[in-house]
Amino acid sequence: MKSVEERLRQLPEMAENMGLNADEALKRKILRTAREEKTQPVFTFRRLAPILCAFVVLVGAVAIGVPALQKESVQQVPVQLTRTIAAGNSDAAPGAMLALDVPMGSIVIKSSSNPSYRSIWAKASGGNFPLICVEGRYYRLLTNPTALPESLLGSALGQVSIFTSEPALVSGGIVSNKVQQGENVYAVQGMQGAVVAAKVDGSLRAFQRVSFGDNALVGGEGLSNTLQANRVVALELTGVGTINNAETARYLMGVLMDNATFLRSGSSETNTSLLIQMDNGLTLQMAVNGERIMACGTWACPEFFEAFQEALQ
């Protein structure tokens, strides 16, 4: 009889022989198949068996961690473990996550079959991330670009009336914990409220619309009010791939806009992100956790992630 270690060494070979790749796409396929089976009068186990076997291979190989699986003779697949923290909670953020933040001004979406995690939201300080609140709508400082061209400025929205380290305690007017009182805040051309701009330490900086203190949408707003899909030219999804064809990127954003379901006002940060490059050179970010996508609130949209995978094939 074969030992447990010998069986584990054969797990990757078993998955390969079945012609299956035990990855995130397979997980979604399992869940989708399970949902379909619920609507059938008879449970067809034969249909699910090969998929479940491959999923067991993935879980067994990662979770058990038997030394035999670490040998060079076995091809190892890097696995990213997602840790979720409350937005703005800098104390809860692990050092490794912060170290992965990209240096300021260096965001470029280029072809990659397995892009690593990159964050372009400025880190929190004192419990709150650097922000601007414009009449109940919150915007978070982006690390890129470090100097926004004045040619992108739209109309003036007003001046920062209150500078405070506790913006959640203030309502009305324009409030910031980063932009000094009296500084002008501007709309950004073509972004329809998804981005605003203001000077920080003498440089014009961009701020992206996000959720803060369980405040996200205002009135009858939807996802399209916080993210301009028609200006997208490229997408980058951590650990999955990049889309550099503008037509495909806009199609995928259309899938997101048409199918995303609003779950709650709060958001969270993970070590997985969707970077969204616009035709004006700006890049925005949404945090990703499973089939949920987060920036200005949390949204569920499995259709987007399925379409993204299909577009890469």
Seminar exercise, completed: Here the net charge surrounding L157, from other residues whose Cβ is less than 11 Å away from its Cβ (Lys, Arg +1; Asp, Glu -1), is 0
Seminar exercise, completed: Here FRET efficiency (C-beta to C-beta, V170 to N230, R₀ 25 Å, nearest 0.05) is 0.15
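Can you give the extra length, in nm with one decimal, that the chain gains between D279 and S111 once fully stretched, where that is 0.36 nm per residue apart less the Cα-Cα distance?
Stretched out fully, the D279 to S111 stretch lengthens by 58.8 nm.
In a shell of Cβ-Cβ distance under 10 Å around V179, excluding V179 itself, what net charge do Lys and Arg (+1) and Asp and Glu (-1) give?
+1
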For this session: Between K123 and A311, with labels modelled 7 Å along Cα→Cβ, what's the label distance in nm to one decimal, could you check?
Result: 3.1 nm
Problem set entry | Long-range amide H partners of V200 with built H, under 5 Å | R205
Problem set entry | Residue among G239, S265, G154 farthest towards the positive dipole end of the range 85-312, charges placed on Cβ | G154
Exercise. So what are the ³J(HN,Hα) numbers for the range 247-262, from phi and the Karplus equation (6.51, -1.76, 1.60; θ = phi - 60°), rounded to whole Hz, Gly and Pro as x?
Worked result: 5, 5, 4, 6, 4, 5, 5, x, 4, 5, 5, 7, 10, 5, 10, 6
For this session: Kindly identify the range 139-222 as rounded, prolate or oblate by the Cα gyration tensor criterion: order the square roots of the eigenvalues as a ≥ b ≥ c, call it rounded if a/c is under 1.5, otherwise compare a/b with b/c, prolate if a/b is larger, else oblate.
Result: oblate
For this session: List every residue whose amide H lies under 5 Å from the amide H of T164, counting only residues 5 or more places away in sequence or on a different chain, with H placed 1.01 Å from N in the peptide plane.
Result: S176, N177
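In Å³ and rounded to a whole number, note down the convex hull volume per residue for the Cα atoms of the range 85-312.
112 Å³
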For this session: Would you mind calculating the gained length between D201 and A246 on full extension (0.36 nm times residue separation, minus the Cα-Cα distance), in nm to one decimal?
Result: 12.8 nm
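Coordinate-derived values only; no laboratory data. Remember, it's a predicted structure, so these values are computed and weren't measured experimentally. Note: ideal-geometry Cβ built from the backbone for every residue, glycine included; neighbour counts use all protein chains shown.
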